[in-house]
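Quick notes on the structure that follows.
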Amino acid sequence: MSETHALRPWRTIVRRKSRKIRVGSVEVGGDAPISVQSMTNTLTADAASTIDQVRQLEEAGADIVRVSCPDEASTAALSQIVKASKVPIVADIHFHYRRGIEAAKAGAACLRINPGNIGSPDRVREVIQAARDHGCSIRIGVNAGSLESHLLEKYGEPCPDAMVESALDHARILQDHDFHEFKISVKASDLFMTVAAYQMLAEAIDCPLHIGVTEAGGQRIGTVKSSIGMGALLWAGIGDTLRVSLAADPVEEVKVGFDLLKSLGLRHRGVNIIACPSCARQGFDVIRTVETLEARLAHIATPMSLSIIGCVVNGPGEALMTDVGFTGGGKGSGMVYLAGKADHKMDNDRMVDHIVELVEQRAAELERAPQSPT
């Protein structure tokens, strides 16, 4: 129902044209869907704990999961983690190039290397060869907090120009070795620096871009900062894969990532709940109802829409545009809408169970329906 509204011309986002690469089974760039990533925060050497967290991220919808490989114990555990994972695993490599070589051998789908601390061009070349030999892609991950010393001397401080120069210098090394399965990120904790760097980079090279605002903060402020920064980039068509960096449960990163894409009409997963902020007109407790429905409908991955509006001022209008809707009325009941039309009344004290049942039925119907080509 609501998907048709995403086709309105004033809602169209024209994505930047980038070439396509593969991160294991996931395509990144080109016409591939924008993928959502997160990163484990367990000790990678503790394979069991890391696998458990990877599975949680898979259930939340993560397309790609990154794990840090700071030592030999981590890369030794990586092969077990890769085998247990349903999604591609990216190995995060810092300071010691040998960890990259070990990770490639262990089955990592991608190696993330930071130009500021991976070492000399010779060491980068060895990592490139390992990636080629084992079918890995590479992410050149530039971070404002760890730029090369010569660039800091040249520019005086971290800035978009320094970040882009770092990224392009290292992209050139890969290209000179005829290695083109790479993507780039240029992240900073500063929103303005991040957006400016990606805008410059998007004009300078055609490889896929991994976007994000690094070290964005806790769940609330990090979500706000990431939404502003990545929202600006995605609205301009920039970004092929993303990670929301939060000092919070990594599962929340995946949820926010999908919510961000959903809000821009770039990707749809799960139930999009449209709800009013509530006021004295509400015919039921909107806030508590929405919190309960979010939890009880979290298992549904099928894209669909649900409106929960407290009164008849905007309720019927919002319900016209959603698969299922409930609008508060009076005397302890409200109106249920199906496919945009008023269908039947329901008592407030039974509405949550009833709405969950209706949404699950609608999701099953949509799953059975023939899928139109994308």
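The values are calculated or read from the model by the stated rules, or taken from the named source; none is laboratory data. Predicted, not measured: the structure shown is a model, and the values here were computed from it. Virtual Cβ from ideal backbone geometry, glycine too; neighbours counted across all protein chains shown. Heavy atoms of the whole protein, side chains included, go into the accessibility calculation; ligands, DNA and RNA do not. Shrake-Rupley method; radii C 1.70, N 1.55, O 1.52, S 1.80 Å.
Given the C-alpha centroids of segment 112-156 and segment 90-111, what is the distance between them in whole angstrom?
For segment 112-156 versus segment 90-111, the Cα centre distance is 12 Å.
Test of understanding: in a Gaussian network model of the chain with alpha carbons linked when under 10 Å, which of Lys17, Lys187, Lys154 would top the mean-square fluctuation ranking?
Among Lys17, Lys187, Lys154, the largest GNM mean-square fluctuation belongs to Lys154.
What number, in percent, do you get for the relative contact order of segment 102-257 if the mean sequence gap of Cα pairs under 8 Å and at least 6 apart is divided by its residue count?
Worked out over segment 102-257, it gives 18 percent.
Ordered by packing density, taken as the mean number of other Cβ atoms within 10 Å over each peptide's residues, highest first, how do 331-337, 302-308, 285-291 rank?
The packing order, highest mean first, is 302-308, 331-337, 285-291.
What does the charge add up to near Asn143, with Lys and Arg as +1, Asp and Glu as -1, over the other residues with Cβ less than 10 Å from its Cβ?
Local charge sum for Asn143: 0.
Pairs on different chains or at least eight residues apart, Cα atoms closer than 20 Å: how many lysine pairs in the chain fit?
Value for the chain: 10.
Cβ neighbours within 10 Å, averaged per peptide: list 9-16, 91-98 in order, most packed at the top. Please report the intermediate quantities before stating the final value.
On the way: 9-16: 10.0, 91-98: 20.5.
Ranking the peptides 9-16, 91-98 by packing returns 91-98, 9-16.
Running a GNM on the chain with Cα contacts under 10 Å, which residue among Arg267, Arg220, Arg19 ends up with the highest mean-square fluctuation?
Looking only at Arg267, Arg220, Arg19, the biggest GNM fluctuation is shown by Arg220.
Treat every Asp and Glu Cβ in segment 136-282 as -1 and every Lys and Arg Cβ as +1, leave all other atoms uncharged, and give the resulting dipole magnitude about the Cα centre to the nearest 20 debye. Mind showing how you got there, number by number?
Working: 13 positive and 18 negative charges, 194 e Å.
Dipole of segment 136-282, to the nearest 20 debye: 940 debye.
Mean residue ellipticity at 222 nm from the helices of the chain, using -39,500 (n - 2.57) per DSSP H segment of n ≥ 4 over the full residue count, to the nearest 500 deg cm²/dmol? If you can, show how the numbers build up before the last one.
Values: 12 runs with 154 residues, N = 374.
Result for the chain, helices only: -13000 deg cm²/dmol.
Given the options Ala73, His94, Val23, identify the residue whose Cα lies farthest towards the positive end of the charge dipole of segment 16-103 (+1 on Cβ of Lys, Arg; -1 on Cβ of Asp, Glu).
Positive-most Cα among the choices belongs to Val23.
For the chain, with every protein chain kept in place, what is the accessible area per residue (1.4 Å probe, Å²)? Write down the numbers at each step before the final one.
Values: 17260 Å² over 374 residues.
Accessible area per residue: 46 Å².
Only four residue types carry charge here, +1 at the Cβ of Lys and Arg and -1 at the Cβ of Asp and Glu. Report the dipole size of the chain about the Cα centre in Debye, rounded to the nearest 20.
Once rounded to the nearest 20, the dipole reads 660 debye.
Relative to the Cα centre, what is the charge dipole magnitude of segment 211-342, using +1 at the beta carbon of each Lys and Arg, -1 at the beta carbon of each Asp and Glu, and rounding to the nearest 20 debye? Provide the component values of the computation, followed by the final result.
Working: 12 positive and 11 negative charges, 60 e Å.
About 280 debye.
Roughly speaking, to the nearest percent, how much of the chain's 1.4 Å accessible area is carbon and sulfur?
Accessible surface attributable to carbon and sulfur in the chain totals 52 percent.
Would you work out if segment 28-104 is rounded, prolate or oblate? Take a ≥ b ≥ c from the square roots of the eigenvalues of the alpha-carbon gyration tensor; rounded if a/c is under 1.5, else prolate when a/b is larger than b/c, oblate otherwise.
Oblate, because a/c is 1.5 or more while a/b does not exceed b/c.
Can you give the FRET efficiency to the nearest 0.05 for Leu320 and Asp249, using r as the Cβ-Cβ distance and R₀ = 35 Å?
After rounding, the FRET efficiency stands at 0.45.
If Lys and Arg each add +1 and Asp and Glu each add -1, what is the summed charge of the other residues whose beta carbon sits under 13 Å from the beta carbon of Cys276?
Surrounding charge for Cys276 is -1.
Let me check I've understood the local charge: for Asp353, count other residues with C-beta under 13 angstrom from its C-beta, Lys and Arg +1, Asp and Glu -1. What total comes out?
-2
How high is the relative contact order of the chain, in percent, counting Cα pairs under 8 Å that sit 6 or more residues apart? Intermediate results must be reported in sequence, preceding the final value.
Working: 776 pairs, mean separation 50.4, N = 374.
Relative contact order, the chain: 13 percent.
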